[in-house]
Amino acid sequence: MADVSQGADSWRRYVAWGAMLVGSAVPNIVCRLAGHGTPYLLPVAQTVLLVILAILVDRSPRLKPLTGFLLTIAIVRLGWFAIAPMLDDWAFIRDNLANANWGAQQFIQRLLLVVGAVLLLTTLIRRRFTRKDLFLRVGDLRAPAQPEAILWFRKPIPWMRLGPQLLLIFGIALPGFLFVTLRPDFDLLPRLVQLLPWGLATAALNAANEEFQFRCVPLAHLRNALPEREAVWLTAVFFGLGHYFGQPSGAVGVVMATLAGWIWGKSMLETRGMGWAFGIHMVQDVVIFCFLALSVKG
């Protein structure tokens with residue numbers, strides 16, 4: 001990501017954050033908490049608004065660098081909340097899901113979300129992004145992690161040292177939260193052992209898909225639009241808001257997912273790859289899969 005001055009164009013900042021909120025889960029959260037459920041056309045309306053905004057932004061030399069990002073947000077919303085649910089309701093897929101075990105069902109449902117990643121490839125046309133620009137490589141796993149106000153170290157430390165520390169912290173916080181919210185039944189452990197291969201496959205697929213859609217592509221499009229640190233927070237908040245009705249869930253889940261998304265985005269910028277982001281993300285998804293497997297009967 002190119003170095004953009006910390007005194008970024010204020011209008012770019014307003015448009016970027018405003019578009020992120022428009023295309024985020026916020027409208028869905030408001031509708032559901034108000035007792036209106038999830039209007040089917042809501043994600044379609046969000047997508048249309050963002051596409052119109054992207055067309056207008058593309059005509060402004062001042063705001064043009066945001067075009068790719070706005071289209072990315074629009075496609076993610078359309079893919080996750082309109083196209084994937086529509087495919088899930090397709091009789092062929094519904095019948096196959098009904099005949100599959102719970103682990104296979106989880107994998108197939110995550111596979112449907114890959115449609116967003118495929119659609120996102122259209123935003124890369126004529127962009128001349130390299131694998132490095134998109135963080136589609138392991139990266140330098142030993143690169144220095146820079147200190148931040150919300151982190152506990154005040155001098156750069158290697159990611160080879162920070163990564164395991166984060167795994168330990170997440171390994172305590174996430175299971176604790178899931179234990180309280182999901183109330184797992186440990187009598188189902190034999191079932192979990194049988195489902196574990198599906199858990200590993202689902203976690204790997206979901207981690208790769210989410211990193212690509214929520215960080216790799218958005219961060220690449222923001223490289224000449226916003227300062228790096230702000231771009232990471234922007235994508236992290238978008239990612240976190242999407243977890244309100246997911247796992248981890250609720251307001252606490254949003255905070256946890258936002259912080260996790262920020263950590264993963266930070267690792268991608270500093271290592272120039274997605275090695276740590278994918279690895280830590282996959283471990284967390286395995287944990288979530290295990291708790292869900294112990295919480296769902298049948």
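The numbers here are math on the coordinates, done by the rules we state, and not lab data. These numbers were taken from a predicted model, which means no experiment stands behind them. FYI the Cβ positions are ideal-geometry reconstructions off the backbone, even for glycines, and counts take in every protein chain you see.
Prolate is the label for region 111-155, because a/c, from the alpha-carbon gyration tensor with a ≥ b ≥ c as root eigenvalues, is 1.5 or above and a/b exceeds b/c.
With Cα atoms as the point set, the radius of gyration and Dmax of region 250-298 evaluate to 13.3, 44 Å.
If you place +1 on the Cβ of every Lys and Arg, -1 on the Cβ of every Asp and Glu, and leave all else neutral, what size is the dipole of the chain about its Cα centre, to the nearest 20 Debye?
Details: 27 positive and 17 negative charges, 156 e Å.
Dipole size: approximately 760 debye.
With viscosity 1.002 mPa s and temperature 20 °C, the Kirkwood radius over alpha carbon pairs of region 80-193 converts through Stokes-Einstein to a diffusion coefficient of 113 µm²/s. Within the straight-line cut-off of under 15 Å between alpha carbons, the aspartates and glutamates reachable from LYS64 are ASP9, sequence neighbours fewer than 8 places apart in one chain being disregarded. Amide H contacts of ALA145: ILE157, TRP159, each under 5 Å away and 5 or more positions distant or on a separate chain (H built 1.01 Å from N in the peptide plane; Pro and chain starts excluded). For region 182-244, the spherically averaged projection of the C-alpha convex hull amounts to 5.7 nm². Using C-alpha pairs under 8 Å with a sequence gap of at least 6, the mean separation divided by the residue count of region 150-294 gives a relative contact order of 34 percent. Ordering ILE263, ILE157 from the fewest to the most neighbouring beta carbons within 10 Å gives ILE157, ILE263.
Note on MET160, MET268, MET282: ascending count of other Cβ atoms within 10 Å places them as MET160, MET282, MET268, the fewest first.
Could you state, as a whole-number percent, how many of the C-alpha pairs of region 14-82 are farther apart than 20 Å? The partial results should precede the final answer.
On the way: 655 of 2346 pairs.
Beyond 20 Å sits 28 percent of the P(r) for region 14-82.
For the pair region 260-276 and region 124-141, the centres of their Cα atoms are 13 angstrom apart.
If packing is taken as the mean number of other Cβ atoms within 10 Å per residue, what is the order of 121-133, 199-211, highest first? Intermediate values should be presented prior to the final figure.
Values: 121-133: 12.3, 199-211: 20.6.
Going by the mean number of other Cβ atoms within 10 Å, highest first, we get 199-211, 121-133.
Listed by chain and number, the aspartates and glutamates whose alpha-carbon sits under 19 Å from that of LYS155, ignoring those within fewer than 8 places in the same chain, are ASP140, GLU270.
Converting the Cα gyration tensor eigenvalues of the chain into ellipsoid dimensions via √(5λ) gives semi-axes, longest first, of 30, 25, 17 Å.
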